Amino acid sequence: MHPQLAQRDSKSLLDDHSTYRKLELNKKRNYEQDHSAMMDEATSLFVYEHCKDEYWNPEEFSILYGTPLWHEASTSQKILLNQLYWVAYYAQIISAEIATIYLNQVSAAGLYTHEDFRIVCDSLDLETKQERAHINAFKTIGEDVEWRLFGERLFTYPMRSLFEQTMVFADTNPAKDFWRMLQIKAFTLLSSSNAFLASQYLLVRGLRTLNGKLIQHKLSNYYTIHPDKENAPIPSKISYYHFMDESFHFNTSKIIGHEIPRSLDPPTAFEKLIINKGIAGCQRDHFNFSATIKGIFWYEPSLFAVLYKLFRSPHFGMSDAEAKVMLDRCFCQENEAIHQSFELHQTAHASYKAYVDSITYIDSQNRNMEIMGNNSIQKYLKHNANSLRAFKGS
């Protein structure tokens, strides 16, 4: 047997037996239960006519659920709103998974230079393959549905890079988008050669997907409890397959983000600064809550034009004046949907604090999620009212 050769690193992942074993089990089970092929097959079999008259999600996961529009909608309109939730929700997931594909590889580059980290990189490679299958499913079905219903895009969009806005409907402008692009490019350059920052991308990834894990579990349950799984709507099957894959992805995020730093040198002041900026950025992205779509942190005024089109479409048949009055009733006056969405936002806020509680190198603003926690129903209503006045005058 050859004698142990000296390595450049002072620590080894192999010395952390507990973490290594968790990584092994998570990777093994993800390979064994990989749902990519089932998702591809289901996508190829999707025919809108076969499931156009039924819900694809639990009823509460419908666009504008709990708003005056929902309460006044006909049965067929409620089915439409339920299906559009699926289209809109997974349009946001596409954007997040495009970012994941790129940043998984960046992080793997940063971690692979350390001894014994192959298992981490192989896990990220498997996830990247799965994300491509997820994106194909969501994009194929979402675009087909919108083309058949409207002949144009409402919530979907052409494929785009990570360096464009990740939040599909965001509070942004060209200057903000440019600054965000520069920050992401700087982070990718740094983390591709820095193992600590590479691992902490997974901490932020886990934080960003924490609320999604809660929502996607409920979406997957629609298929889980469906009385006729063989003939259940294909989109509901895809929700289930996606959740099963993402459960392992979340485990990966938590293990790498929380535990891998034990096998690395302590972070420098600069590295701590970068990760704190990353968490603060997540807080800003998740500052808003939306009565349009439960569980997504979209900026409501950026949806006004899309919803106006929906209200004016043959599916609702509103006049210009009626559509604008409905926007006011849904977003500028307190209603059930606003309170439900804010309550969900508060639940996310509390779960984010719990998620980072054990991390010793984050600052108090991030530990207490102060940016995200600074929103309120009163601010939401006031801002929407001002924005809607501008929209009406445009």
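The values are calculated or read from the model by the stated rules, or taken from the named source; none is laboratory data. No experiment lies behind these values; they were computed from the predicted model shown. Using ideal geometry, Cβ is built from the backbone for each residue, glycine included, and neighbour counts are taken over all protein chains shown.
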Among the residues of the range 71-84, is any part of a loop (DSSP other than H, G, I, E, B) and closer than 22 Å to ILE293 by Cα?
yes
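Go over the candidates ALA390, ALA354, ALA337, ALA348 one by one and state the one that is within 25 Å of LEU214 (Cβ to Cβ) and surrounded by fewer than 13 Cβ atoms within 10 Å (Cβ to Cβ).
Values: ALA390 fails: within 25 Å of LEU214 (Cβ to Cβ); ALA337 fails: surrounded by fewer than 13 Cβ atoms within 10 Å (Cβ to Cβ); ALA348 fails: surrounded by fewer than 13 Cβ atoms within 10 Å (Cβ to Cβ).
Every option except ALA354 fails the conditions.
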Does the range 286-334 hold any residues that are farther than 23 Å from GLU59 by Cβ and hydroxyl-bearing (Ser, Thr, Tyr), and which are they?
TYR299, SER302, TYR308, SER319
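Condition check ((1) surrounded by fewer than 12 Cβ atoms within 10 Å (Cβ to Cβ); (2) hydrophobic (A, V, I, L, M, F, W, C)) across all residues:
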position	(1), (2)
ARG21	yes, no
HIS35	no, no
SER44	yes, no
CYS51	no, yes
PRO58	no, no
Looking at the range 333-340, can you tell me whether even one residue there is in contact with an Asp or Glu (Cβ under 9 Å, 6 or more places away or on another chain) and either at pLDDT 95 or above or part of a helix (DSSP H, G or I) (or both)?
yes
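Results for (1) more than 19 Å from PHE331 (Cα to Cα); (2) modelled with pLDDT of 95 or more, shown as yes or no for each residue.
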{"residue": "TYR48", "(1), (2)": "yes, yes"}
{"residue": "TYR65", "(1), (2)": "no, yes"}
{"residue": "LYS78", "(1), (2)": "no, yes"}
{"residue": "SER107", "(1), (2)": "yes, no"}
{"residue": "GLY110", "(1), (2)": "yes, no"}
{"residue": "PHE117", "(1), (2)": "yes, no"}
Which is in a loop (DSSP other than H, G, I, E, B), buried (at least 18 other Cβ atoms within 10 Å of the Cβ) and under 18 Å from the mean Cα position of the chain (by Cα), of MET159, MET167?
MET167
Only one residue in MET369, MET326 is at positive phi and touching a Phe, Trp or Tyr at 6+ places or on another chain (Cβ under 8 Å), so which one is that?
MET369
Residue among SER220, SER239, SER199 that is buried (at least 21 other Cβ atoms within 10 Å of the Cβ), closer than 30 Å to ILE119 by Cα, polar (S, T, N, Q) and under 14 Å from the mean Cα position of the chain (by Cα)
SER239
Six or more apart or on different chains, Cβ under 6 Å: which pairs go from a residue in the range 339-355 that's without any contact (Cβ under 8 Å) to a residue 40 or more places away in the chain to one that's assigned to a helix (DSSP H, G or I)? Could you list them?
HIS349/MET372; HIS349/GLY373
Quick one: would you say THR67 is more than 30 Å from PHE187 (Cβ to Cβ) and touching a Cys at 6+ places or on another chain (Cβ under 7 Å)?
yes
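When you scan the range 183-286 for helices (runs of 4 or more DSSP H) that lie fully inside it, which ones turn up with 1 or more residues that are in contact with a strand residue (DSSP E or B) (Cβ under 7 Å, 6 or more places away or on another chain), at pLDDT below 95 and of a type in the set (Ser, Thr, Tyr)?
Working: elements: 195-224, 234-259, 269-285.
Of the helices (runs of 4 or more DSSP H) lying wholly inside the range 183-286, none has at least 1 residues that are in contact with a strand residue (DSSP E or B) (Cβ under 7 Å, 6 or more places away or on another chain), at pLDDT below 95 and of a type in the set (Ser, Thr, Tyr).
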